[in-house]
Structure formats: structure tokens, C-alpha cells
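First up is the structure itself, then whatever we jot down about it.
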Amino acid sequence: MNEDRYLTFALAKGRLADKTLEIFEKAGIFCEEMKDKKSRKLIFVNEEWKFKLFLAKGPDVPTYVEYGAADVGVAGRDTILEENRNVYEVLDLGFGRCRMCVCGPERARELLLHHERIRVASKYPNIARDYFHDKKHQTVDIIKLNGSVELGPLVGLSEVIVDIVETGSTLRENGLQVLEEVCALSARMIVNPVSMQMERTRIQELVKKIRSIPETV
Ligand code: PRP
């Protein structure tokens with residue numbers, strides 16, 4: 001442990017960072033400056049805890065953590081699985097709960113059952129590949145999209161999609177169904193493997209503090 005060294009955090013910009021700051025506040029860690037939406041500042045400091053925090057694009061968070069540019073990161077499990085970086089997952093923060101699912105029109109259920117060679121559109125090609133190739137042993141063609149993935153089956157780009165389902169309203173409004181569940185998702189805290197050794201006490205203390213907050217896991 002090195003009390004003089006700043007512990008650096010990479011937080012996924014947006015709702016995940018806002019929720020993380022809420023949890024940090026409940027744990028007595030404050031960073032008022034970071035909550036100012038108008039600020040263009042990128043790095044924030046909490047002198048009391050010797051924490052340095054920065055906001056990054058979600059998919060970049062595991063990259064910062066793997067390379068040690070951040071000791072700790074907070075990102076969605078979807079991003080962590082997709083990026084497949086060399087990081088330790090130390091805590092389920094309990095918010096941002098949703099599911100990664102295979103979705104499509106009802107008629108696509110048959111194609112899944114019979115292991116047909118189908119086209120799968122997804123923002124998460126690695127998760128889709130792991131699921132179909134490694135878990136289901138089904139050969140499929142994966143088509144990477146960057147958003148509005150539900151369009152895939154609607155315009156004939158793919159038979160199904162692998163995507164996040166939260167309330168299910170995007171699916172419902174577009175006549176699509178959950179056909180299979182890939183995995184459960186939520187916000188996770190990840191740690192660089194070297195930082196886990198060098199800063200174990202500080203990290204464990206933080207995890208313990210967050211765990212003791214009633215509404216987190
Ligand atoms: C996500 C996801 C689904 C939708 C699911 O999209 O990709 O489209 O939310 O939420 P629901 O079940 O509550 O309807 P996002 O809003 O991130 O935009 P995107 O389509 O550009 O990825």
C-alpha cells in the first residue's frame with residue numbers, strides 16, 4: 001500500500017458514472033466538481049482519499065484499466081465481456097441491471113432451435129460469437145452494428161440480434177421478442193492486476209465500504 005499515491009479511477013461516462021458518484025457519496029467520498037455537467041474538465045481529484053477520477057467512453061474503461069492508466073474502473077458487464085481485457089472484476093455495483101439477449105421475430109425461434117446458419121446483428125460481436133460458437137456450437141454469421149440494432153431483423157439485414165434488453169419496450173414497439181437469454185448484466189468494478197497487488201488494502205477498504213451501503217450488493 002502507498003498512501004501518497006493517487007488511486008486512479010476510470011468511470012464510464014453517462015448514467016454509470018452518475019450512479020457511481022452517488023454510491024461514492026454514500027460511502028463518504030465526494031467529488032462535487034465532477035457533477036458539473038457544463039465542465040469540460042477530464043480529471044478530478046479527491047484529496048482526502050487521494051483519488052483521481054476521470055470519465056471515459058464505456059468501451060475504453062477496460063483498456064485504461066488493463067494498461068494500468070487507471071487502477072480501478074467502473075463499466076457495464078456488457079462492455080467488460082465484449083472487450084475481454086486482462087482485468088479483475090471485484091464488485092457487482094448492483095445498478096444498471098439488464099439482460100443480454102438473442103432477440104428477433106417469433107418466427108426466428110425455429111431457426112435457433114434447429115441450429116440453422118443465421119445472420120446475427122450486434123453491437124457486441126465477441127459476446128455473440130462466444131454465445132453461438134462456444135456455448136451453443138451453432139455456426140452463424142455475425143454482423144457488427146453500432147446502434148439501433150433492432151433494425152437488423154426489421155429491414156432484413158439479419159434473422160436475429162444479440163442486444164441489451166432493459167424494460168423490453170424497444171422490442172415490444174418493434175414486434176420483436178426475447179428468444180434466448182445470454183447473460184445478466186449490471187455495473188461492475190474492475191481492477192488492474194498489478195494494482196490489485198500493490199494497492200490491495202485501499203481497494204479492499206473501498207469495496208468493503210461500498211458493500212456496506214444498504215442498496216448495493
Ligand atoms: C439500448 C439497447 C436497446 C435498448 C433496450 O439501446 O441497445 O436498443 O437500449 O432498452 P429497453 O429494453 O428498455 O427498450 P441504446 O438506448 O443504448 O441505444 P442504441 O440502440 O444506439 O445502442
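Scanning segment 119-127 finds one or more residues that are closer than 28 Å to residue 85 by Cα, away from the ligand (no atom under 15 Å from the Cβ) and either crowded, with 18+ Cβ neighbours inside 10 Å or polar (S, T, N, Q) (or both). Taking the listed residues 203, 190, the one that is in contact with a Pro (Cβ under 7 Å, 6 or more places away or on another chain), within 30 Å of residue 27 (Cβ to Cβ) and either at pLDDT 95 or above or exposed (fewer than 13 other Cβ atoms within 10 Å of the Cβ) (or both) is 190, with no other qualifying. For segment 137-157, the candidate set comprises residues that are within 14 Å of the ligand (Cβ to nearest atom) and of a type in the set (S, T, N, Q); within that set, the residue that is nearest to the chain's Cα centre (by Cα) is 146. Within segment 185-207, the set of residues being in contact with a helix residue (DSSP H, G or I) (Cβ under 8 Å, 6 or more places away or on another chain) and either in a strand (DSSP E or B) or of a type in the set (Lys, Arg) (or both) comprises 185, 187, 188, 189, 190, 191.
Selection of first residues in segment 121-148 that are under 17 Å from residue 111 (Cα atoms) and of second residues that are assigned to a helix (DSSP H, G or I) and of a type in the set (A, V, I, L, M), restricted to Cβ pairs under 6 Å at least 6 apart or on distinct chains, gives the following pairs, ordered by first then second residue: 142/128. Note on segment 172-189: residues that are out of contact with any Cys (no Cβ under 6 Å at 6 or more places or on another chain), more than 19 Å from residue 140 (Cβ to Cβ) and within 13 Å of the ligand (Cβ to nearest atom) amount to 3.
The residue that is nearest to residue 100 (Cα to Cα), counting only those in segment 42-85 that are without any contact (Cβ under 8 Å) to a residue 24 or more places away in the chain and either assigned to a helix (DSSP H, G or I) or in contact with a strand residue (DSSP E or B) (Cβ under 6 Å, 6 or more places away or on another chain) (or both), is 63.
The values are calculated or read from the model by the stated rules, or taken from the named source; none is laboratory data. Being a predicted model, the structure only gives us computed values, none of them experimental. So basically every Cβ, Gly included, is an ideal-geometry build from the backbone, and we count neighbours across all protein chains shown.
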